[in-house]
Amino acid sequence: QVELVESGGGLVQAGGSLRLSCAPSGNILRMLAMGWYRRAPGKQRELVAIITSDGSKNYADSVKGRFTISRDNAKNTVYLQMNSLKPEDTAVYYCATNSFGINYWGQGTQVTVSS
């Protein structure tokens with residue numbers, strides 16, 4: 001069983017920045033690939049960024065150059081730095097992982113970008 005605890009969402013003006021954090025229960029982050037997903041109102045959930053256990057990263061085209069995913073295994077935390085935010089980035093953001101074939105999701109954190 002893995003619990004994921006997210007933090008860092010909020011309200012920001014367009015062009016602003018936010019940093020999301022996600023910490024899995026237990027000191028196990030170093031073994032996990034971690035992803036950030038989002039679900040905007042009326043839309044399907046989409047992958048935003050993923051980072052593997054060895055640090056390889058991939059991003060959705062819509063956030064490339066603006067968002068950065070990173071991990072600090074010593075702090076057991078994965079981050080999503082979001083810069084140059086746009087109103088279309090408004091969504092509930094979730095961190096997620098897979099451990100032994102089971103998908104785990106955080107509770108979600110709301111990000112609202114005003115124009």
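The values are calculated or read from the model by the stated rules, or taken from the named source; none is laboratory data. None of these values were measured; they are calculated from a predicted model. No Cβ is skipped: glycine too gets one built from the backbone with ideal geometry, and neighbour counts run over all protein chains shown. These accessible areas exclude ligands, DNA and RNA; they are computed on the full protein's heavy atoms, side chains included. Shrake-Rupley method; radii C 1.70, N 1.55, O 1.52, S 1.80 Å.
Scan the stretch 89-104 for residues that are over 14 Å from SER17 (Cα atoms) and not in a loop (DSSP other than H, G, I, E, B) and jot them down.
ALA91, VAL92, TYR93, TYR94, CYS95, ALA96, THR97, ASN98, SER99, ILE102, ASN103, TYR104
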If we keep only residues of the stretch 32-42 that are out of contact with any strand residue (DSSP E or B) (no Cβ under 6 Å at 6 or more places or on another chain) and in contact (Cβ under 8 Å) with a residue 40 or more places away in the chain, then the residue surrounded by the fewest Cβ atoms within 10 Å (Cβ to Cβ) is PRO41
Reported set for the stretch 2-25 where residues are farther than 28 Å from PRO87 by Cα and in contact (Cβ under 8 Å) with a residue 40 or more places away in the chain is VAL2, GLU3, PRO24
Assess whether LEU4 counts as being open to solvent by 30 Å² or more (accessible area, probe 1.4 Å) and in contact with a Gly (Cβ under 8 Å, 6 or more places away or on another chain). no
Would a scan of the stretch 56-75 turn up a residue that is part of a strand (DSSP E or B), in contact with an Asp or Glu (Cβ under 6 Å, 6 or more places away or on another chain), at pLDDT 95 or above and open to solvent by less than 20 Å² (accessible area, probe 1.4 Å)? no
